[in-house]
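This report concerns only the one structure given below.
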Amino acid sequence: MKRFILLFSVCVIFSWLAWNRGFTSLELSLTDPVSERLAVDDARSILKGIHKFGIVYYTHYPNGPSYLLLLPMKYGLSTDKSLRVVPVAFSAICFGLLALGIVIHCSNPLMKIAALLVAATFLWQPGVVLWMGSLYQHSYALALCFAGFGLGLIPTIPIWAFFGLAFISGWMGYDFTFAFVFSIITGRWLVYSRQNRSLRATLGNLSLNLFATCSGIALAIVTHIIQNVFFFGSVKAAFNDLIGSAAARAGMEVAKELNPQYVDFLVAAGASTPHPRTTLVTDMITAFTTRGWIAPLILKQCLQVIVASFIIIFLWSLLRRRLTVYSCYSVILSLLVVTLLACASGLTWILLMPNHARFHFHLIPRHLFVPLLIWGLGACCVIDRISALPNRKAPF
């Protein structure tokens, strides 16, 4: 009972903190006004019954953000500020799930506190808190990465939960698809590797979780295509429109055959000119660090918390003679895996969709919050394993 009260309290406190930060930041900065207006107008049209099957005119992205606005609109909320309560509340719940996963996973009280402080630093990053009230996919997409990582840290979470969460993520938008998947996989890696299973067993369990997550996203995409079939009145037209636009964003030649209109649009917008992918990555990192997305001092303090916690726990474990060659190897391997997954989470979309990344450089740098989350919390969880290693000798 005491454990339940502790977990519930941490979840509620963290959700309240996220809600407070997001609510007080409403309308301080417009995120993507064109997309937000599209989501609001589509929600109002659906509510009036103008679109059958919830179909909207912008067919390249799913309609999840518009659906979430239907209930508050139905009960009289009409201004943008009042509607922003919905994404802020959604983000607050996701942050609460992240805190819940941290408290359940970490066994050392010091690392519980350190990991929660690391998670809390994201609520002081402008690129997170100022976008929590976005009426389009931007708020939901990043928040779901936080929730996915938190749920991934819970050993007893059923696989179907990742399927459901992945469907929601796929129905909100596609930009953070890879970041979301890597968030869940990192959490599950930390769980399975901590359970001292063989590498084969760990990879087998990870494969099951990956399959469930990808299946949820795939179902969302198929549902989206089915809606587009009703909209266009043709399976071929719906397929060519959605897959063709994705191919154009990826810079694939087949896009000219599937969706030439969208290719022409990208050319006219100057977004289809060839850019080396390495240049895109360096430009994104530069934009992320220089355009007000982050608070560098807070992130520096966050890193200091991780390093200080590691030194304290390492020295304490060394004095108690808990460390072995195998345990050191296991910790180093986990840190390397977490680092690789963190890099993949932030760079996969920009490397696979260079034309989309270049065209949306005003929002794509937000992807880099996910690798910061994965590495920061992943490092805390790996360090926590050191303190949980069995004693080689009785404590003195």
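Here the peptides 237-250, 5-18 are ranked by packing, the mean other Cβ count within 10 Å, and the order with the highest first is 237-250, 5-18.
How compact is the stretch 29-112 by the rule of thumb for globular proteins, expressed as Cα Rg over 2.2 N^0.38 Å? Please list the in-between numbers first.
Details: Rg = 17.3 Å, N = 84, 2.2 N^0.38 = 11.8 Å.
For the stretch 29-112, the normalised Cα radius of gyration comes out at 1.46.
Taking only the alpha carbons of the stretch 101-144, we obtain Rg and Dmax values of 13.1, 39 Å in that order. Between Leu26 and any residue 5 or more places off or on another chain, the built amide H atoms are never under 5 Å apart.
Its alpha carbons considered, the stretch 179-237 gives a radius of gyration followed by a Dmax of 17.0, 54 Å. Per-residue Karplus couplings for the stretch 335-349, computed as 6.51 cos²θ - 1.76 cosθ + 1.60 with θ equal to phi - 60°, are listed in order as 5, 5, 4, 4, 5, 5, 5, 5, 4, 5, 5, x, 10, 4, 5 Hz, Gly and Pro entered as x. For the chain, the longest principal axis of the C-alpha atoms and the axis of helix 199-232 are separated by about 20°.
Between Asn20 and Lys300, full extension at 0.36 nm per residue minus the direct alpha carbon distance yields a gain of 98.4 nm. The distance from the alpha carbon centre of the stretch 92-113 to that of the stretch 1-19 is 9 Å, rounded to a whole number.
The packing ranking, built from the mean of other Cβ atoms within 10 Å per residue, places the peptides 172-182, 278-288 in the order 172-182, 278-288, highest first. Centre-to-centre, using Cα atoms only, the stretch 163-180 and the stretch 189-268 are separated by 10 Å.
Of the two radii for the stretch 101-196, the radius of gyration is 0.99 times the Kirkwood radius, both from the alpha carbons; that is the Rg over Rh value.
The angle between the Cα long axis of helix 137-152 and the main principal axis of the chain comes to about 30°, on a 0 to 90 degree scale. The residues of the stretch 141-237 present an accessible area of 39 Å² per residue when probed at 1.4 Å with all protein chains retained.
Convex hull volume per residue, computed on the Cα atoms of the stretch 198-319, equals 218 Å³. Extension gain, Ile226-Phe314: 0.36 nm per intervening residue step, less the Cα-Cα distance, totals 26.2 nm. Remark: the stretch 157-168, residue by residue, has Karplus-estimated 3J(HN,Hα) of 5, x, 5, 4, 5, 6, 4, x, 5, 5, 4, 4 Hz, where x stands for each Gly or Pro and the curve is 6.51 cos²θ - 1.76 cosθ + 1.60 at θ = phi - 60°. Helix 369-387 axis versus longest C-alpha principal axis of the chain: approximately 20°, rounded to the nearest ten.
So what's the back-of-envelope 222 nm ellipticity for the chain, counting only DSSP H runs of four-plus at -39500 (n - 2.57) apiece and dividing by all residues, rounded to 500? All intermediate terms of the calculation are to be shown ahead of the outcome.
Numbers: 20 runs with 291 residues, N = 396.
The per-residue figure over the chain is -24000 deg cm²/dmol.
In the chain, carbon and sulfur make up what percent of the accessible area (probe 1.4 Å)?
On the way: 12990 of 18110 Å².
The nonpolar share, carbon plus sulfur, comes to 72 percent.
Considering only Cα atoms, the convex hull volume of the chain works out to 152 Å³ per residue.
In terms of overall dimensions, the C-alpha atoms belonging to the stretch 65-106 reach 43, 17, 15 Å along their principal axes, ordered largest to smallest. Spin-label model, Thr282 to Leu6: label points 7 Å out along the Cα-to-beta-carbon direction sit 4.9 nm apart.
Over all distinct alpha-carbon pairs, what is the Kirkwood Rh of the stretch 142-252 in angstrom?
Radius from the Kirkwood sum: 15.0 Å.
The values are calculated or read from the model by the stated rules, or taken from the named source; none is laboratory data. Values in this document were obtained by computation on a predicted structure and should not be read as measured data. A quick note on method: Cβ atoms are made from the backbone with ideal geometry, for glycine too, and the neighbour counts reach across all protein chains shown. Note: accessible area is taken over every heavy atom of the protein model, side chains too, but ligands, DNA and RNA are not part of it. Shrake-Rupley method; radii C 1.70, N 1.55, O 1.52, S 1.80 Å.
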